[in-house]
Amino acid sequence: MYRFLLTPRWWGINVFVLLAIPFCVFMGSWQLSRFEARVEEHRSAGEQAAENKQEAARPLTELLPVDKATVGKKVTASGRYGKQLLVPDRELDGKQGYYVLTLLHTDEDKALPVVRGWLPGDADRAEAPAAPTGEVRVTGSLQASEVPGENGVPAQGGLPTGQTGAISAASLVNLVPYDVYDAWVTLTKADSGMKPVPVATANDTGLDLKAFQNLGYTGEWFVFAGFVVFMWFRLLRREVESVRDAELGLVSDRAADGGESARPGEPSDGPAQEKANA
């Protein structure tokens, strides 16, 4: 009855099933491991944030370049404040406002973007407090350059003069005629009545949409594996039923081999029919 499993058609089906199931299980397991890794990164980021609050501030140059291990750590830098820019459309405590960003010229002949605080409302250069003059020493949390369109950073262009959409060296280098650090600092204590900007976590360390996409893909791959098994058994059952019907004379041998089944009420192409046709 199961001799049909040795036909070329079923050899192809069986090979496909034997390859598809392990592949689906592998991909599902890989997506699950990615989700678990993101959960672990989220937990580690929370622990690191708590440790950063207890650590003493270190010189800026000791923590560059910025990576997941140094994001959020307290740093100190000295220099003179220069050009001031506003970063619009930034939310804090459920209110819309803007960051006051001032470039600090350090002894390394580069400028460090320093977010001195947050103000509510639309970005207004007249309302933004001027930066302190003379030599200053700032203390704040180290942050990685922002990427427009990610982690709540607006992806917008065509801003008025004196504004920038993202705090990054790639954006600021087009606005100032000198080198800029590929990092920025948010002050621990904001200047002139502004609210301090909280520390942001490193990219790809939170339970964001990407993490839950990994979890969703995990379920999809395992469902695919189950669907392949279900379809194999369904095809096998139909093939067995066709063979049994052929043995009982309900369908022709041609139909049992993959041809059309005789319709209800119609005679099959058996010996009796051939004799009648003769």
Original post:
Can L235 be described as at pLDDT 55 or above and touching a Ser or Thr at 6+ places or on another chain (Cβ under 7 Å)?
Top reply: no
**OP:** Show the residue pairs that are 6+ apart or on different chains and have beta-carbon atoms under 8 Å apart, the first residue being within the stretch 119-148 and in the same structural domain as L86 (by TED's automatic domain parsing), the second being outside any loop (DSSP other than H, G, I, E, B) and surrounded by fewer than 13 Cβ atoms within 10 Å (Cβ to Cβ).
**Re:** P120/K95; P120/Q96; G121/Q96
Original post:
Only one of (1) at pLDDT below 75; (2) assigned by TED's automatic domain parsing to the domain that holds Q31 fails for R244. Which number is that?
Top reply: (1)
Original post:
assigned by TED's automatic domain parsing to the domain that holds S192, touching a residue at least 60 places away in the same chain (Cβ under 8 Å) and not in a strand (DSSP E or B), is that true of D109?
Top reply: yes
Original post:
Going by the conditions given, is A69 out of contact with any Ser or Thr (no Cβ under 6 Å at 6 or more places or on another chain) and either surrounded by 13 or more Cβ atoms within 10 Å (Cβ to Cβ) or over 23 Å from K210 (Cβ atoms) (or both)?
Top reply: no
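The values are calculated or read from the model by the stated rules, or taken from the named source; none is laboratory data. These numbers were taken from a predicted model, which means no experiment stands behind them. We place every Cβ from the backbone using ideal geometry, glycine too, and count neighbours over all the protein chains shown.
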